[in-house]
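The values are calculated or read from the model by the stated rules, or taken from the named source; none is laboratory data. Bear in mind that the values here come from a model prediction, so they are computed numbers and not experimental data. Keep in mind that these areas ignore ligands, DNA and RNA; they rest on the heavy atoms of the full protein, side chains included. Shrake-Rupley method; radii C 1.70, N 1.55, O 1.52, S 1.80 Å.
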Amino acid sequence: MTNEFDRIQYAPIQNHRYERWFREVQYNGKELNEDGKKEFLQMVDEIISIHLEGLPVLKEALDSIKDLHDEFHEAYRVVISVLQFTIITMIDSMVISKYFILADKDYDRRFMRGKMKVILNEGFKKLYGFEEKTHQKSEWNRLVPILKIFPEDIKVQYKQLSSLLEEHSKSSSWWRNERNVETHLNAEKLYESRSEDVVESKVMMESLKLFDTLYAVNRFLTNMYACFLNSLIHKYRRGELLED
């Protein structure tokens, strides 16, 4: 442990402009050309690759503290768990976007569009919720009990993001009707939904609404994680951590 903490430096707490990830972008009528599709697919593959690298690290972190239940490690467990959710959902939203673009048959595109709407609705519902019932069960709300151990700037950022998320939850239906049709398999309504014109660039803009939201939350959680790291470094330098 000595060598490990000797090498690690304090992690800065970033003061992000979270509102930039919550801007509503209106469809401007432009279509994706082949070059645009290739660039998008390349970007998606890079995003997926980068975020996949973090999942085994989070799993290892959770496994390493499974028998530790003091206040510090319980809070750490919550942050790692919520991080795990945001990363997996970000990846899933990108994967379904990728295969929507790759689909070369009309019905395949319509099918993928419908399943994308399920992820958009369920993803935001799980992240923040739409009303009191779903909000109370949300990943975001899990952070409330542990905020007390964090510095004031983290609490301020949480409040700022909460306001943005609340506004976002009221910004639209988040494709609730489409989600219901897709999951309840009402044949008549499903046929009507699948018959709607597919506008690729519009669908992609809609998919990014969830990704950008999750990315903002992910940046905030990274700040929370940095607080844990800094706390351990501080304890080590004060001689409060035992060497392995």
So, in Å, what gap is there between the alpha-carbon centers of region 35-93 and region 167-220?
22
From Cα coordinates alone, what are the radius of gyration and Dmax values for the chain in angstrom?
20.5, 68
Given the DSSP H assignment, sum -39500 (n - 2.57) over each helix run of at least 4 residues in the chain and divide by its residue total; what's the result at 222 nm in deg cm²/dmol, nearest 500?
-23000 deg cm²/dmol
Tell me, what is a quarter of the convex hull surface for the C-alpha atoms of region 42-116, in nm² with one decimal?
5.8
Angle, helix 54-64 long axis vs. longest principal axis of the chain, Cα atoms, 0 to 90°, nearest 10?
40
Report the full-extension gain for the segment GLU196 to GLU167: residue separation times 0.36 nm, less the Cα-Cα distance, to one decimal in nm.
7.6 nm
Per residue, how large is the accessible surface of the chain? Use a 1.4 angstrom probe and give square angstrom.
57
For the chain, the accessible surface attributable to carbon and sulfur atoms (probe 1.4 angstrom, ligands and nucleic acids excluded) amounts in percent to 52
Heavy-atom accessible area of LYS38, protein chains in place, probe 1.4 angstrom, given in Å² to nearest 10, is 140
XL table LYS148/LYS170; LYS117/LYS202; LYS117/LYS170; LYS105/LYS202; Cα-Cα > 21 Å flagged, in table order, is LYS148/LYS170
